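Working notes, structure below.
The values are calculated or read from the model by the stated rules, or taken from the named source; none is laboratory data. Here the structure is a predicted model, which is why all the values come from computation and not from measurement. FYI the Cβ positions are ideal-geometry reconstructions off the backbone, even for glycines, and counts take in every protein chain you see. The protein model used for the area step is the full one, side chains on, heavy atoms only, and it has no ligands, DNA or RNA in it. Shrake-Rupley method; radii C 1.70, N 1.55, O 1.52, S 1.80 Å.
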Amino acid sequence: MAEFNQELVKALAHGDAEAQEQIKSLPLTVRMALGTAVDQLRRDENVPMNSGFSFYEEKKSSYSNDEEVANALAERNRLLREAEERKEKIRQEFLEKEIKAKVERARAGLAMNDRR
C-alpha cells in the first residue's frame with residue numbers, strides 16, 4: 001500500500017473539511033487507499049468513526065419535498081388499487097361465463113367435461 005502524508009491521514013480521520021476538499025480531485029483508487037489508511041488510523045488510535053470522512057460518496061436524496069413524495073405514493077397506490085379492481089372484475093366475469101356454460105351443459109343433459 002502507498003504511504004500517505006500522516007498529517008493528511010490524521011486530518012481526514014478527525015473530519016477536517018479542508019483535508020476532505022484536498023482529496024476530492026484525486027482518483028477514486030487513491031481516495032479508497034486513503035480511506036483504508038484513515039480506517040486503520042481510527043482503529044489504532046481509537047478515533048471516533050463518525051468524524052465525517054467517508055471515502056464512499058453519498059448520493060443526495062432525490063426527494064426534497066415530503067408532500068410531493070406523499071402525493072406520488074398516493075397516486076401509485078391508487079393506480080395499483082385500480083389495476084387490482086380491473087383484475088378482479090375480469091376474474092369474476094370469467095367465473096360467471098364458466099358457471100353459465102356448466103349450467104347450460106347440465107340442463108341439456110350433457111356430461112360434465114371439466115378436462116380440456
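Could you work out the Kirkwood radius for segment 70-113, taking every pair of different alpha carbons, averaging 1/r and inverting it, reported in Å?
12.9 Å
From largest accessible area down, sort Asp44, Asp16; use a 1.4 Å probe on the protein chains. Let's see the in-between values first.
Values: Asp44 105, Asp16 70 Å².
Sorted by accessible area, descending: Asp44, Asp16.
With a 1.4 Å probe and all protein chains kept in place, how do Phe4, Phe94 rank by accessible area, largest first? Walk me through the numbers on the way to the answer.
Working: Phe4 45, Phe94 115 Å².
From most accessible down to least: Phe94, Phe4.
Quick one: order Ile23, Ile90 from most to least accessible surface, probe 1.4 Å. Please list the in-between numbers first.
Working: Ile23 10, Ile90 110 Å².
Ranked from most to least accessible, the order is Ile90, Ile23.
Provide the solvent-accessible area of Lys24, counting protein heavy atoms only and rolling a 1.4 Å probe, rounded to the nearest 10 Å².
Rounded to the nearest 10, the figure is 130 Å².
On the principal axes of its Cα set, how long, how wide and how thick is segment 1-44? Give whole Å, largest value first.
The Cα atoms of segment 1-44 stretch 27, 23, 13 Å along the principal axes, largest first.
Using a cut-off of under 20 Å, list every residue of segment 25-42 whose amide N is near the label point 7 Å from the Cα of Ala17 along the Cα-to-beta-carbon line.
Answer for this model: 25-26.
Given the whole protein assembly as supplied and a 1.4 Å probe, what does the accessible area of Thr29 come to in Å², nearest 10?
100 Å²
Within segment 66-109, what whole-number % of the accessible surface is contributed by carbon and sulfur, with the 1.4 Å probe and all protein chains included in the calculation?
Values: 2240 of 4160 Å².
So the carbon and sulfur contribution to the accessible surface is 54 percent.
Measuring from label point to label point, each 7 Å out along Cα→Cβ, what is the Ala83 to Asn5 span in nm?
5.5 nm
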